[in-house]
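Reading through the C-alpha cells given below for one structure.
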Amino acid sequence: MKFNITKKILPLLLLGASMSYTSCTLDETNPSGSTLETVSASTITGYEGILNNIYFGMQRRMYGYGEWTTFTEAGTDLWTPPRGFASNYFNYGMGGGWNTNMMLNFLNPAYDGVGSCNVAIKYAPLAPYATDAERNAKVAEAHFMRAIYYYNLVEQFGGITLHLEPATKVDLHPSKNEPMEIYEKCIIPDLEFAAEWLPTEECTTRPSKKSAMGFLCRAYLQTREYGDHPEYMNKALELAKRMIADCEGGGSQYGVQMYANLEDVFSQENNYGNTEALWKHRFVSGGSSNNAWILNENNKLFNCLAKQFGVAMQMSKNEHSGNRLAGKTDHEIWGTQYDGGFMPSGHLLKLYVQADGTLDPRYYGYFQTSWYSNKDKGGGWSDSYIKTYDKDKTSEGIYYPYTDPTTGVVTYKYTRIEFDELAIRFIHPSEPDYAEMLANKDGATILIVDYNDVYAADGYVKQEYTRKNDGETVVNPWAYFYPGMTKFNSNNFIRTNSSKLERVGNLNSTFMMRTPEVYLIAAEADIYVNGGANAMGYINKVRARAGAKALTGTADIQTVLDERARELCGEYVRFYDLKRTKKLTKAYLLQTNPGVGQYFDDSKHMLREFPSGFLETLQEGGWYYQNPNY
C-alpha cells in the first residue's frame with residue numbers, strides 16, 4: 001500500500017507518492033488515519049515511509065527519463081538532432097516558437113520532491129531512533145535530495161523560489177531567490193550535511209557518502225558560474241583530492257573506485273552493482289505511477305537510424321523467429337534498436353582524434369559503428385537502393401553473375417545480406433583501415449558510410465548529396481547514419497504490455513555521477529586555484545584508464561572541457577558544463593556545432609523558459625517571474 005502526502009508548493013498542488021526498491025530498499029507503509037506528527041513519532045518504519053517520498057519527483061521526470069537527457073545534453077556542442085527530430089532544445093526552436101510547457105514536466109516533480117524533503121527534514125526529530133547518529137544518517141537522504149532538486153532547478157532556470165520549510169499556504173505571487181543564495185543557503189549546506197552523515201554502504205537509488213561527496217564537489221565547482229568564489233574552488237579541489245586518494249587506495253574509506261579497464265564501465269554485468277558509479281538509479285517495473293516502458297529510455301536515445309537501410313535493417317514490432325533473437329523484438333536487444341534522437345556532432349567525434357592521428361579508445365568503447373542485419377530473412381540489393389547509395393552495379397559485391405547448374409545460362413543477381421551478417425559500417429578518417437574501406441565503398445556488399453559524407457568541414461551535418469552515378473543533387477541519404485553512443489545499451493528488459501511489443505521497461509541502472517568526473521573536477525579546480533600546475537596529471541589519470549595517449553603541456557579550461565566531453569558525453573552534465581565555463585554562447589556553438597549554434601540567442605538561452613502552465617497560475621499571469629526575453 002502506498003502512503004501519499006499532499007503538499008502545496010509555489011501555487012501548485014502536487015502529489016508525492018512512495019516507491020519501493022529491491023536493493024537498499026525503500027519500503028512502504030501506510031499508518032492509516034494518522035497525522036504526519038504521529039506517524040513520524042510512532043515508529044521508525046512510519047517515519048521512513050514518509051522519507052521515501054523524497055525520491056518520487058526524481059523518478060518521475062529526471063535521471064533516466066528521456067526528456068531529462070534532452071534538458072541536460074541537447075543544445076550543446078556535443079549533439080545535434082538527426083533528420084526529422086524535434087527542434088525544441090536541440091535547436092532552440094530554430095528561431096521560431098516552441099512548446100512553452102516543456103519544462104513543466106520537470107518543474108512540477110522537482111518542487112514536489114522539494115516539498116517531500118522539507119516534510120522529511122521537519123519531522124525527523126520526532127522519529128524514535130536510538131541515537132542522533134542513526135537519525136542523521138536517514139534524514140541526510142532528504143538533505144541530499146533537496147540539494148539535487150535545487151541544483152537542477154537553479155541550473156535550468158536561474159533564480160527561483162527557495163523553500164526550506166513545508167509550505168503552509170498557497171503563494172500566488174512568489175519571489176525569486178538568486179542562484180548563489182540558493183547554493184549557499186541550501187545546496188552546499190545540504191550536501192555538506194549529507195556527506196558527513198550518509199553511510200558508505202553501496203546502494204542503488206539511495207545515495208551513499210560518496211554520492212554526497214561527489215555532488216558536493218560538483219556544486220562547489222559550479223559556483224564558478226556566478227563569480228570567482230575562491231573559497232569554493234579550494235573546497236572543490238581538496239574534497240576531490242580526498243576522493244581520489246580513496247580511489248587510489250582501493251576505496252577503503254568512502255567506497256570510491258574506478259574500474260581498471262574501460263570495457264568494464266558500462267558492461268551489463270557490472271551495471272546494477274557498478275562500483276565506479278558514485279550515484280546510480282534503477283527503475284523497477286510497477287514501481288511508479290508512470291508506465292515502466294517510458295521511464296529509463298536512454299538506451300533508445302542515442303541510436304543510429306540504421307533502419308533507413310531497408311536492405312538489411314528493420315524496426316520490427318513483431319517477435320523474431322528461427323534465429324538467436326527468437327521470441328524478442330528489436331526493442332529488447334542490445335545493438336538492434338534503431339530509433340535514436342541524439343546524433344553526435346562532428347566536433348564530438350573530432351575530439352576522439354589524438355595528437356598522433358589515432359583514435360582514442362573511447363571512440364570504440366562508447367560508440368557503435370557497425371550494424372548487423374536484423375531481418376530474419378535477410379535482404380537483397382535493388383535498383384532503387386543502388387541509386388540511393390551510389391553503388392557500383394558492375395561490382396560483384398552488388399550484382400554478380402550466376403550460372404544455372406542445369407542449363408549453363410548466365411544471369412545476374414543482386415547480392416544479399418543475410419540475417420546476422422555485417423550490414424553497415426561507419427568509417428572515420430582516423431581509423432587504420434579507412435583508406436581501404438573508402439576505396440571499396442562503392443562496390444562493397446555492405447553499406448559503407450564515410451564520415452565525410454555525413455559531416456562537413458565547417459561542422460554542419462551535410463543536408464545535400466550529389467550522386468556520382470547521375471550527377472543529381474538530392475537530400476543527403478547518408479545523414480541518417482552516425483556512431484551511436486552505447487553507454488546506455490541494455491538487454492535487461494521486461495515487457496509491460498504484451499499486446500504492444502515496443503513497450504518494454506529497461507531495468508538497467510543509470511549513473512548520475514562516476515568517479516572519473518572527480519578527477520576532472522580536480523583538474524578544473526586546480527586551474528582556478530593553482531593556475532593548472534597539477535591539472536594535466538588528473539586529466540591523464542582518466543586518459544590512462546581509457547588507454548588513451550597522455551596529453552602534454554599545461555591544461556586550460558578548454559582542455560578540461562574537451563576531456564569531459566570524451567569521458568562524460570551523454571551523462572547529464574554538458575549543458576551545465578558549458579554554463580559554468582562561459583561557453584554556452586552563440587560564438588562558441590557556431591565554432592563547435594553550428595547547426596545548433598545558428599539558433600542560439602545569447603540574451604536568453606542560457607536559462608530555460610518558465611512554462612506557461614506554471615505562470616498562468618500566478619497573479620498577473622506570472623509575467624514578472626519569467627526569465628528575460630522569453
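The values are calculated or read from the model by the stated rules, or taken from the named source; none is laboratory data. None of the values given here were measured: they were computed from a predicted structure. Positions of Cβ are generated from backbone atoms using ideal geometry, with glycine treated the same way; all protein chains shown enter the neighbour counts. Surface accessibility is based on the protein's heavy atoms, side chains included, excluding ligands, DNA and RNA. Shrake-Rupley method; radii C 1.70, N 1.55, O 1.52, S 1.80 Å.
Here are some notes:
- Each residue in segment 156-178 was checked for being assigned to a loop (DSSP other than H, G, I, E, B) and under 25 Å from THR70 (Cβ atoms), and 4 pass.
- Total residues in segment 524-551 satisfying the condition of being outside any helix (DSSP H, G or I) and of a type in the set (Asp, Glu): the figure is 0.
- Checked against (1) surrounded by fewer than 24 Cβ atoms within 10 Å (Cβ to Cβ); (2) among the polar types (S, T, N, Q); (3) out of contact with any helix residue (DSSP H, G or I) (no Cβ under 7 Å at 6 or more places or on another chain), THR223 passes all but a single condition, namely (3).
- Filtered residue count, segment 513-556, keeping only those that are of a type in the set (S, T, N, Q) and touching a strand residue (DSSP E or B) at 6+ places or on another chain (Cβ under 7 Å): 1
- Among the residues making up segment 31-76, those that are assigned to a helix (DSSP H, G or I), open to solvent by less than 10 Å² (accessible area, probe 1.4 Å) and small (Gly, Ala, Ser) are SER40, GLY46, GLY49, GLY57, GLY66.
- Residue tally, condition open to solvent by 20 Å² or more (accessible area, probe 1.4 Å), closer than 18 Å to ILE521 by Cα, assigned to a loop (DSSP other than H, G, I, E, B) and among the aliphatic types (A, V, I, L, M), over segment 235-268: 1
- Only listed residue being in contact with a Leu (Cβ under 7 Å, 6 or more places away or on another chain), assigned to a helix (DSSP H, G or I) and open to solvent by 10 Å² or more (accessible area, probe 1.4 Å), chosen from ALA137, ALA147: ALA137
- Residues in segment 494-513 that are crowded, with 22+ Cβ neighbours inside 10 Å and not aliphatic (A, V, I, L, M) were compared, and the one that is farthest from TYR259 (Cα to Cα) is GLY505.
- Members of segment 552-605 found to be open to solvent by 40 Å² or more (accessible area, probe 1.4 Å), touching a helix residue (DSSP H, G or I) at 6+ places or on another chain (Cβ under 6 Å) and in a loop (DSSP other than H, G, I, E, B), listed by number: TYR599, ASP602
- Considering the conditions (1) in contact with a Phe, Trp or Tyr (Cβ under 8 Å, 6 or more places away or on another chain); (2) surrounded by fewer than 18 Cβ atoms within 10 Å (Cβ to Cβ), ASN99 is excluded by exactly one of them, (1).
Okay, residues lined up against (1) β-branched (Val, Ile, Thr); (2) open to solvent by 20 Å² or more (accessible area, probe 1.4 Å); (3) within 28 Å of PHE106 (Cβ to Cβ):
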site	(1), (2), (3)
ASN298	no, no, yes
LEU305	no, no, yes
HIS320	no, no, no
PHE342	no, no, yes
TYR363	no, no, no
GLY378	no, no, no
THR388	yes, yes, no
ASP392	no, yes, no
TYR399	no, yes, no
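- Some residue of segment 340-349 being part of a loop (DSSP other than H, G, I, E, B) and among the aliphatic types (A, V, I, L, M): no
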